[in-house]
Every structure is written in C-alpha cells, then in structure tokens.
Amino acid sequence: MRVFAPVSIGNFSVGFDLLGLSISPINGELLGDIVSVSPSEDFNLTCSGPYAKVLPDDKSSNLVTIAYKLFMHKMAEKGLSTIPVSLHLEKRLPVGSGLGSSSASVVAALYALNQFFGDALSIDELLVMAGTLEGQVSGSIHYDNVAPCLLGGLQLMTGSELQPCVSVPFPESWQLVVSYPGIEISTKKARALLPKQNDMATSIKFAQNLSVFIHALHSEDSELAASVLFDVMAEPHRKQLIAGFDDYKDYAKSMGALGFGISGSGPTVFSITNNHETSNRIQKYALNNFCQEEGFSYICKIDNFGVRQIKDDKG
C-alpha cells in the first residue's frame, strides 16, 4: 500500500497561520511525500528519495517513526488491535523549503497506517494528531499545512477544537508558479523574525484583506479576491532571508501576476496568474534568475484531493 501526501502552501498570502492551500503540478507529477506500509514481525522504517539524505540517521527521531508511535498509542487507547508494520518513506520534498515537507511526511504516514488498519480512526482524529506532530517541528501547534495536505483544497483555520478548519472555494482558473531557490530556512528561525505585536494599522489591514478575500471567493469574484492578495504580516520581515525576492516579485508583477508571496516560512515563493502564458514567462525567469542548482519551479493548480492511496507515480 502506497499513500501520497501533496505539497502545501501554509500562511497563504492574506492568511498568516490561518489559510493553507494544497497544490499539484499541472504536468501530473506527484510533488509530495509517499509512505508505504506492509506487515512485519517488528516495526521498521526505511527511506529513499531525492531528499532522504538529509533525514536524521537516528530513525527514532524521524517524524514518520514518531507518527507511528502516536498512531499506535491512539489505537491502544481506544482498545483497537494492531500488528507491527514496516514503513517506507519516499522523501520527495526538501526539508525547510516552506512547502509543508514535514506535514507531508506526517500526513502520509498517519493516513497509510489508518488505511492499513481499516480506517480505524476518523479523519478528524488524524487531523488533530497531524497538527500535534507538526507543532513539534515548528514550536507551536497549527494546521495551515497539515489540513490542506490531508483534506485538499484551500482550508481556513477556525481555532475550534471540534472543527479545526473549514474548506473555502478557490478559483479553478488560477495557476501558481511555485519556485524553490534551493536553500533551507527553518520555521523557528523565520518565526523569530516576526514582531511580538503589530500596530493597529497593520492589524486592521490584515483583518480587512483576509475578510475581503474569503468573501470574494465565496462570491466567485476572483478580481476582488486578487485585489487584496498580499501579506502585511510576515513578508516584510521574512523576505530578507530570500535572495532575489524583490527582483523576482517585481518581474512577476510586471508580467501580470495577480499575487506574489512566500510559501510557508520560505524560502519557496509563489506567483498567482490567470493564464498559462504568464505562468510560463514567470517560471522561465525563476529558473534562470532565482533557483539555484538544487532549486526547482513548477506551474501548479489547486489540489482538491489531499492525501490519497496511489498505485504508481501518476497517482
């Protein structure tokens, strides 16, 4: 059994800590992490993939192992029977990229285990566990990566324990040029750059942008939604960590990009467009001027499926 968990954009533009978007490349490539599960005499974890080399040598500290232990604890807590399993992680997302790499590993592991044991736990239980595990990485529990990775689409965090997130419509015509420059930025380091408090003007602007954006999406007014698609909370403080950010943003906007922002805590950035020609031009700029040797750039769309079982690398 193989389970795929897609890449996600946390802190989506106007929604710092509150909006997360699941995306997938338009070329059909599976951009995300894959976890396989099979019965075994004892628990075992193996890893492969282009980014497996940066994972900890100590398998006990791997997030997939920690997810396994939490899942088994939950099963025992509910009096449900289990057997030992072997897990294999195909690590396809770079660590510290701002693409929900840790969330993808955690969500894929939890969902694969739950599928293996006959959907013993509910999706809501998996979501809470994934949020808890993500909090161990970033320093605080939040759902803006794990929720879209698990559920798909654009998710708005509610702050409610009973319903941590709700789905929000997203323009199907929008494309996202997602560009990873090839460097690593830790979530904790990026969060440390943010002020502990914001002035009233910034707070009001943040609330206004988010409110108008959500209203516009529900009203299917993509023009209004695009007009408020900018980040006043994190981008002014975090862009200093990303070489070439301002030049790339200026180029994308000059080409007609509807929006431009930092994915998660960075260093990955994304441009939003409403036509493929513009996406191609922006992607070409990224590959020639922004992405280093280890970097990449994909033209993506919303992924409405979230985590899912797959049979091959085409999903």
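No lab work stands behind these numbers, since they all come straight from the coordinates. Worth saying up front: this structure is predicted, and the values here are computed from it rather than measured. So basically every Cβ, Gly included, is an ideal-geometry build from the backbone, and we count neighbours across all protein chains shown.
Please list 248-258, 153-163 highest first by mean number of surrounding beta-carbon atoms within 10 Å per residue. Kindly include the intermediate steps, with their values, before the conclusion.
Details: 248-258: 17.6, 153-163: 15.4.
Going by the mean number of other Cβ atoms within 10 Å, highest first, we get 248-258, 153-163.
Could you run the Karplus curve 6.51 cos²θ - 1.76 cosθ + 1.60 with θ = phi - 60° over segment 203-209 and give me ³J(HN,Hα) per residue in whole Hz, x for Gly and Pro?
Once rounded to whole Hz, the list reads 5, 5, 5, 4, 5, 5, 4.
Put a dot 7 Å past each Cα toward the Cβ at H215 and D58; how far apart are the dots in nm?
5.2 nm
Count the lysine pairs in segment 1-137 that are 8 or more places apart or on different chains: how many have C-alpha atoms under 25 angstrom apart? Mind dumping the intermediate values first?
On the way: K53/K69; K53/K91; K59/K69; K59/K74; K59/K91; K69/K78; K69/K91.
Eligible lysine pairs with Cα atoms under 25 Å apart amount to 7.
Quick check: the angle from helix 123-138's long axis to the longest principal axis of the chain, C-alpha only, nearest 10 degrees?
Roughly 70 degrees, rounded to the nearest 10.
In nm, give the distance between the simple-model label positions of T158 and K69, each being 7 Å from the Cα along the Cα-to-Cβ direction.
Modelled inter-label distance: 3.2 nm.
Run the helix sum for the chain: -39,500 (n - 2.57) per DSSP H stretch of 4+ residues, divided by residue count, reported at 222 nm to the nearest 500 deg cm²/dmol.
Details: 10 runs with 108 residues, N = 315.
Here the helix-only value at 222 nm equals -10500 deg cm²/dmol.
Would you mind computing, in nm to one decimal, how far apart the modelled labels at K311 and A192 are, each placed 7 Å from Cα along Cα→Cβ?
For the pair K311/A192, the computed spacing is 4.9 nm.
How large is the charge dipole for segment 175-301, taken about the Cα centre, if only the Cβ atoms of Lys, Arg (+1) and Asp, Glu (-1) carry charge, to the nearest 20 debye?
Working: 12 positive and 13 negative charges, 73 e Å.
Approximately 340 debye in magnitude.
For the Cα atoms of the chain, what angle does the longest principal axis make with the long axis of helix 245-254, in degrees from 0 to 90, nearest 10?
The angle comes out near 60 degrees.
Which of the three applies to segment 175-301, rounded, prolate or oblate, going by the alpha-carbon gyration tensor with a ≥ b ≥ c and a/c under 1.5 meaning rounded?
It comes out oblate by the Cα gyration axes.
Once R0 is set to 45 Å, what does the formula 1/(1 + (r/R0)^6) return for the Cβ-Cβ distance between T82 and N274, expressed as a FRET efficiency to the nearest 0.05? Could you put the intermediate results ahead of the total?
Details: r = 48 Å, r/R0 = 1.07.
Rounded to the nearest 0.05, the efficiency is 0.40.
Ranked highest first by the average count of other Cβ atoms within 10 Å around their residues, in what order do 177-187, 108-118, 68-78, 260-270 fall?
Details: 177-187: 21.0, 108-118: 23.4, 68-78: 15.6, 260-270: 26.1.
By packing density, highest mean first, the sequence is 260-270, 108-118, 177-187, 68-78.
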